[in-house]
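As structure tokens, the structure follows; a few thoughts come after it.
The values are calculated or read from the model by the stated rules, or taken from the named source; none is laboratory data. All figures in this text were calculated on a predicted structure; none of them were measured in a lab. Backbone-built Cβ (ideal geometry, glycine too); neighbour counts: all protein chains shown.
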There are 2 protein chains.
Amino acid sequence: MTNRKSQIIELTLKNIQEKGFTSFSYDHLAKELGVTKASIHYHFEKKEDLGVAVCERIQKGLGDVYIVTKESAIAAEEKPFAFILQRIKFLEQNGVCPISALQADYQELSQAMQEKIQQLSQMEVDVLVDLLQDAKQHGSLKSTEDLEALAILLISSTKGALQYKRVLGEDFFHKMLEQLKELLK
Amino acid sequence: MTNRKSQIIELTLKNIQEKGFTSFSYDHLAKELGVTKASIHYHFEKKEDLGVAVCERIQKGLGDVYIVTKESAIAAEEKPFAFILQRIKFLEQNGVCPISALQADYQELSQAMQEKIQQLSQMEVDVLVDLLQDAKQHGSLKSTEDLEALAILLISSTKGALQYKRVLGEDFFHKMLEQLKELLK
DNA sequence: GTCTATATCAAGATAGAC
DNA sequence: GTCTATCTTGATATAGAC
């Protein structure tokens with residue numbers, strides 16, 4: 001099966017959302033796939049290699065949602081929030097955002113993975129800045145807005161709220177989002 | 001030494017900030033203290049027991065900062081942000097917020113720890129709501145504000161930004177905070 | 001390309017000496 | 001209260017058969 005490799009990547013992505021990078025194991029992965037640990041080690045010799053592959057997978061997903069949002073028919077001023085809502089749809093029920101999970105383990109990871117996580121984190125900001133620029137050109141944002149700072153606030157509050165939501169319940173995220181929209185009016 | 005127990009708790013708190021709860025080990029803890037694993041198992045039979053003790057330690061720290069902020073001489077409208085800034089001072093250099101670290105491992109932890117983490121998370125919101133109420137009475141917030149929603153936004157964006165700051169640099173947090181203050185003007 | 005088998009190591013935990 | 005010694009488990013990883 002030539003897509004065994006991508007099958008492993010998808011399952012790892014799910015496992016990272018559930019357990020985090022350091023806590024998921026090849027053993028558990030193998031059992032879920034009905035293969036042996038050795039077979040996973042064949043495709044990804046070290047856990048770090050699998051980690052890097054998952055980062056690239058996340059990067060692609062991020063890019064895809066960006067393009068879809070950018071080209072979609074919805075109003076430009078809605079696109080930053082549409083992007084965020086679209087992204088969190090991909091999260092497993094009660095899972096953490098995989099980028100947040102990787103950030104949490106950041107200090108324990110190899111340099112190769114740290115660089116990937118940096119790229120991912122920066123990409124999230126850049127994409128939001130781009131969508132905010134479009135929104136601004138359509139007149140929905142005050143011209144004084146520092147768009148990078150606004151993107152940083154959007155991504156920070158989103159990720160923070162996702163963490164609390166798992167502990168304090170679904171409502172938490174919606175309350176945060178409504179409050180944010182209220183302040184941006 | 002009767003405070004060996006609290007010595008262990010403090011060191012564990014540091015370790016959770018650096019590695020997360022599931023990733024720190026009794027072995028590493030013991031070496032840092034110059035004792036054996038067994039000695040730590042004596043004070044905290046199971047890792048879960050140590051985890052609960054650390055949660056209570058965090059809870060106390062949270063309460064202490066709340067009281068100090070509440071009773072301090074600074075203007076009431078500054079207190080919510082003063083509280084947040086005071087809290088993040090306790091973080092190790094490049095460490096994660098211990099509550100965020102515990103939230104990240106939430107699903108893998110025992111029920112006793114999950115309950116403690118819930119309490120901690122809710123307490124953070126409650127404390128901010130209280131400080132925001134004081135600020136509002138002093139006229140610095142629009143009367144239409146939903147204070148719980150505002151507290152949720154404050155704590156979410158703070159925690160999210162702390163995660164990104166470790167990866168993207170010190171500036172990230174400050175930009176988020178300035179943007180937030182700008183929107184609240 | 002996938003398997004069995006195994007090496008190696010570190011983890012949490014316990015029993016019992018001092 | 002702290003130690004040595006040890007048990008058990010589960011992790012990453014490798015060698016080599018098929």
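Would you tally the residues in region B:100-155 being part of a loop (DSSP other than H, G, I, E, B) and more than 12 Å from chain A (Cβ to nearest Cβ)? Break it down stepwise before answering.
Here is the first cut: in region B:100-155, the residues part of a loop (DSSP other than H, G, I, E, B) are B:105, B:109-110, B:138-146.
With the extra rule that they be more than 12 Å from chain A (Cβ to nearest Cβ), the set shrinks to B:110, B:138-140, B:143.
Number satisfying all stated conditions: 5.
Which number in (1) in contact (Cβ under 8 Å) with a residue 24 or more places away in the chain; (2) surrounded by 13 or more Cβ atoms within 10 Å (Cβ to Cβ); (3) away from every other protein chain (no Cβ under 14 Å); (4) away from DNA strand D (no atom under 15 Å from the Cβ) marks the one condition that B:Gln86 misses?
Status for B:Gln86: all satisfied but (1).
Can you tell which of A:Glu56, A:Glu32, A:Glu48 is touching a residue at least 24 places away in the same chain (Cβ under 8 Å) and more than 8 Å from DNA strand D (Cβ to nearest atom)? Spell out the reasoning first.
Working: A:Glu32 fails: touching a residue at least 24 places away in the same chain (Cβ under 8 Å); A:Glu48 fails: more than 8 Å from DNA strand D (Cβ to nearest atom).
Selected residue: A:Glu56, the only one of A:Glu56, A:Glu32, A:Glu48 that is touching a residue at least 24 places away in the same chain (Cβ under 8 Å) and more than 8 Å from DNA strand D (Cβ to nearest atom).
Do any helices (runs of 4 or more DSSP H) entirely within region A:11-93 hold 2 or more residues that are over 17 Å from the mean Cα position of the chain (by Cα), and if so, which?
Where helices (runs of 4 or more DSSP H) fall fully within region A:11-93 and carry at least 2 residues being over 17 Å from the mean Cα position of the chain (by Cα), they are A:26-33, A:37-43, A:47-71.
Of the numbered conditions (1) more than 14 Å from chain B (Cβ to nearest Cβ); (2) of a type in the set (D, E, K, R); (3) more than 13 Å from DNA strand D (Cβ to nearest atom), A:Lys14 satisfies every one except a single condition; which is it?
Every listed condition holds for A:Lys14 apart from (1).
To keep it simple, each residue is scored yes or no on (1) at pLDDT 95 or above; (2) more than 20 Å from B:Asn94 (Cα to Cα); (3) among the aromatic types (Phe, Trp, Tyr).
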residue: B:Met1; (1), (2), (3): no, yes, no
residue: B:Arg4; (1), (2), (3): no, yes, no
residue: B:Asn15; (1), (2), (3): yes, no, no
residue: B:Phe21; (1), (2), (3): yes, no, yes
residue: B:Ser25; (1), (2), (3): yes, no, no
residue: B:Leu33; (1), (2), (3): no, yes, no
residue: B:Phe44; (1), (2), (3): yes, yes, yes
residue: B:Val52; (1), (2), (3): yes, yes, no
residue: B:Glu56; (1), (2), (3): yes, yes, no
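Report, by residue number, each residue of region B:30-69 that is surrounded by 14 or more Cβ atoms within 10 Å (Cβ to Cβ) and among the basic types (Lys, Arg).
Correct list: B:Lys37, B:Lys47, B:Arg57.
Within the bounds of region B:162-183, is there any residue that is assigned to a helix (DSSP H, G or I), within 10 Å of chain A (Cβ to nearest Cβ), touching a Cys at 6+ places or on another chain (Cβ under 6 Å) and buried (at least 17 other Cβ atoms within 10 Å of the Cβ)?
yes
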